[in-house]
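Input: a single structure, listed below in structure tokens.
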Amino acid sequence: MPFARLATATTPTAHIGLGLAAVGRPGYINLGRERDLPADRTVEAMRERAHELLDAAYAQGVRYVDAARSYGRSEEFLADWLRARPDVRDVVIGSKWGYTYTADWRTDAEVHEAKDHSAGTFDRQSAETRELLGDRLDLYQIHSVTPDSPALTDTALHARLARLAAEGVSIGLSTSGPGQADAIRAALGVEVDGERLFRTVQSTYNLLETSAAEALAEAHEAGLTVLVKEAVANGRLAGAEAPPALREVAEETGFGCDAVALAVILRRPWAGVVLSGAATATQLASNLHAAVVDLDASQLDRLAGLAEEPAAYWGKRSLLPWK
């Protein structure tokens, strides 16, 4: 598997990845974008920011990069960066299909992305991804699978995904919503010709949303690589937005709230890669401090008390504005 390359990496940050959701398009739901990004978010300004982050991430030992068809031009920005650096061959590249970007580079669009897990959408988007990333694509994930997603039962789609796997691309899925655990467990049962189809699962897990933990542990035990997204809850666990208990622990450690939030996840034995969604090089550097944050039992107990009911967490997330 491509992720075997991470197992041999020696840098402490090799298991922290860079997600491009925040810099592949002008609008997203992360808090603080008005101060983190250029006021004029042209395509070229966002390309420059993405390349700045990719350079900083690689220089600091990050070896996994995560994009998606719906992240605006994230695949294009990543492809440009890879093409300009042909000697960079030790980075694992993942992308996702299943959402189509519809905002036309506007922050005030009524709809920013449209979800469709049909085989037809896979055919179209996989061709688009391969045109940009070519043989650099290591992992292709179904984007935001929920328990009712047809992607869990569509055998024609499964056959297409299996053919892509036979070409050497790992097949995975990401999950969203309060039913993540059910979606993960359903995915573990999907087989093609007696072989498990999915080799990775990428789920939301953070100090506020911990409901998928047992299912992710089961996925890890079954041999899947677990990737964690939204580790700082779209900014709710960073800086001034962070709850008091997290700010107190961060002050005790001498690191930022974001680094502490990521550090808790890195301690989970099932967490293979924890994604940073940084929008600035400064945020990225702060996130990467997670690799050296040391937390004692008392601090971990206090942080465990921050968990919310899944329905409440996802309800709050749905209200975050696209900025």
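The values are calculated or read from the model by the stated rules, or taken from the named source; none is laboratory data. Everything numeric here is computed off the predicted structure, so don't read it as measured data. In this analysis, Cβ positions are derived from the backbone assuming ideal geometry, glycine residues included, and neighbour counts consider all displayed protein chains. All accessible areas refer to the heavy atoms of the entire protein, side chains included, with ligands and DNA or RNA removed. Shrake-Rupley method; radii C 1.70, N 1.55, O 1.52, S 1.80 Å.
If I filter region 205-225 for residues that are modelled with pLDDT of 95 or more, closer than 21 Å to residue 49 by Cα and surrounded by 24 or more Cβ atoms within 10 Å (Cβ to Cβ), do I get at least one hit? No: region 205-225 contains no residue that is modelled with pLDDT of 95 or more, closer than 21 Å to residue 49 by Cα and surrounded by 24 or more Cβ atoms within 10 Å (Cβ to Cβ).
With respect to residue 252, is the statement that it is out of contact with any strand residue (DSSP E or B) (no Cβ under 9 Å at 6 or more places or on another chain) and farther than 21 Å from residue 33 by Cα true? Here the answer is yes, as residue 252 does meet what is asked. Only one of (1) open to solvent by 40 Å² or more (accessible area, probe 1.4 Å); (2) of a type in the set (S, T, N, Q); (3) under 14 Å from residue 125 (Cβ atoms) fails for residue 60. Which number is that? Condition not satisfied by residue 60: (3). Would you say residue 45 is over 19 Å from residue 168 (Cα atoms) and open to solvent by less than 50 Å² (accessible area, probe 1.4 Å)? Taking the combined requirement at face value, the residue satisfies it. Against the condition open to solvent by less than 40 Å² (accessible area, probe 1.4 Å) and either among the hydrophobic types (A, V, I, L, M, F, W, C) or touching a Gly at 6+ places or on another chain (Cβ under 7 Å) (or both), how does residue 84 come out, does it pass? No, not satisfied.
Residue count for region 273-284 under the criterion of being open to solvent by less than 20 Å² (accessible area, probe 1.4 Å) and touching a strand residue (DSSP E or B) at 6+ places or on another chain (Cβ under 9 Å): the result is 6.
Can you tell me which of 120, 94 is open to solvent by less than 50 Å² (accessible area, probe 1.4 Å), out of contact with any Lys or Arg (no Cβ under 7 Å at 6 or more places or on another chain) and either part of a loop (DSSP other than H, G, I, E, B) or free of Cβ contacts under 8 Å to residues at least 24 places away in the same chain (or both)? On inspection, the qualifying residue turns out to be 120. Considering only residues that are among the hydrophobic types (A, V, I, L, M, F, W, C) and part of a helix (DSSP H, G or I), which ones fall in region 56-91? Within region 56-91, 56, 57, 59, 77, 78, 79, 81, 82 qualify.
Residues in region 139-159 that are touching a Ser or Thr at 6+ places or on another chain (Cβ under 8 Å) and open to solvent by 20 Å² or more (accessible area, probe 1.4 Å) were compared, and the one that is farthest from residue 206 (Cα to Cα) is 154. Among residues belonging to region 301-317 that are touching a helix residue (DSSP H, G or I) at 6+ places or on another chain (Cβ under 7 Å) and among the aliphatic types (A, V, I, L, M), point out the one that is most open to solvent (accessible area, probe 1.4 Å). Filtering first and then ranking leaves 306. Evaluation of residue 141 against the conditions (1) free of Cβ contacts under 8 Å to residues at least 60 places away in the same chain; (2) within 18 Å of the chain's Cα centre (by Cα) shows that the sole unmet condition is (1). Looking across 107, 129, one residue alone is out of contact with any Cys (no Cβ under 8 Å at 6 or more places or on another chain) and crowded, with 20+ Cβ neighbours inside 10 Å. It is 129. The single condition from (1) of a type in the set (A, V, I, L, M, F, W, C); (2) part of a loop (DSSP other than H, G, I, E, B); (3) within 30 Å of residue 319 (Cβ to Cβ) that residue 198 fails is (3).
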